[in-house]
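The values are calculated or read from the model by the stated rules, or taken from the named source; none is laboratory data. Quantities reported herein were computed from a predicted structural model and do not represent experimental measurements. No Cβ is skipped: glycine too gets one built from the backbone with ideal geometry, and neighbour counts run over all protein chains shown.
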Amino acid sequence: MGMKKAYRLKSRLAFQSVYTHGRSVANRAAVLHALKQEAGAPTRVGFAAGRRLGKAVVRNRVKRRLRECVRLLWPRVRPGYHIVVIGRQAAVEMPFPELRQKVEELFERAGLLQREG
């Protein structure tokens with residue numbers, strides 16, 4: 001099951017609100033900010049990559065890789081959150097399987113994954 005466009009977090013205000021009021025966890029690959037929404041709200045995810053990572057081409061590639069990691073996790077992600085995933089320098093060159101594992105670890109630590117089974 002893919003992530004529909006509807007589940008993208010887009011507005012600047014929404015991002016800002018997640019940064020300001022959410023909790024964050026981080027590792028080498030990325031920083032994840034999560035803000036609980038009212039119960040039953042769909043989870044929305046936004047992606048960011050700072051200028052320091054490089055030119056737009058590099059930043060877009062990082063966001064694309066992160067988006068794919070989240071898409072693979074999506075069936076296990078809890079409803080009711082706004083999430084922003086910010087790529088870090090290591091995410092530029094990191095092999096995809098490792099990146100995927102690092103992103104999963106962040107979701108796990110932030111309490112965003114449902115128990116399986």
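Let's see how each residue does on (1) within 23 Å of residue 10 (Cβ to Cβ); (2) among the polar types (S, T, N, Q):
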{"residue": "51", "(1), (2)": "yes, no"}
{"residue": "61", "(1), (2)": "yes, no"}
{"residue": "82", "(1), (2)": "yes, no"}
{"residue": "85", "(1), (2)": "yes, no"}
{"residue": "89", "(1), (2)": "no, yes"}
{"residue": "94", "(1), (2)": "no, no"}
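Taking the range 90-117 as the search range and keeping residues that are assigned to a loop (DSSP other than H, G, I, E, B) and of a type in the set (Gly, Ala, Ser), which one is nearest to the chain's Cα centre (by Cα)?
Within the range 90-117, the subset assigned to a loop (DSSP other than H, G, I, E, B) is 94-95, 110-112, 114-117.
Checking which are of a type in the set (Gly, Ala, Ser) leaves us with 110-111, 117.
Values: 110: 11, 111: 13, 117: 23 Å.
By that ranking, first place goes to 110.
Which of the numbered conditions does residue 60 fail, given that it passes all the others? Conditions: (1) assigned to a helix (DSSP H, G or I); (2) within 19 Å of residue 104 (Cβ to Cβ).
The number of the failed condition is (2).
Filter the range 1-55 for residues that are of a type in the set (S, T, N, Q) and part of a loop (DSSP other than H, G, I, E, B) and give the result. Step through it out loud before you land on a result.
The initial filter retains those residues of the range 1-55 that are of a type in the set (S, T, N, Q), namely 11, 16-17, 20, 24, 27, 37, 43.
Within the range 1-55, 11, 27, 37, 43 meet the criteria.
In the range 7-22, how many residues are exposed (fewer than 10 other Cβ atoms within 10 Å of the Cβ) and either of a type in the set (Asp, Glu) or at pLDDT 95 or above (or both)?
Summing the residues that are exposed (fewer than 10 other Cβ atoms within 10 Å of the Cβ) and either of a type in the set (Asp, Glu) or at pLDDT 95 or above (or both) in the range 7-22 gives 1.
Could you please tell me which pairs satisfy a Cβ distance under 7 Å, a separation of 6+ or placement on different chains, a first residue in the range 88-112 that is over 21 Å from residue 52 (Cα atoms) and modelled with pLDDT of 95 or more, and a second residue that is charged (D, E, K, R) and in a loop (DSSP other than H, G, I, E, B)?
112/78
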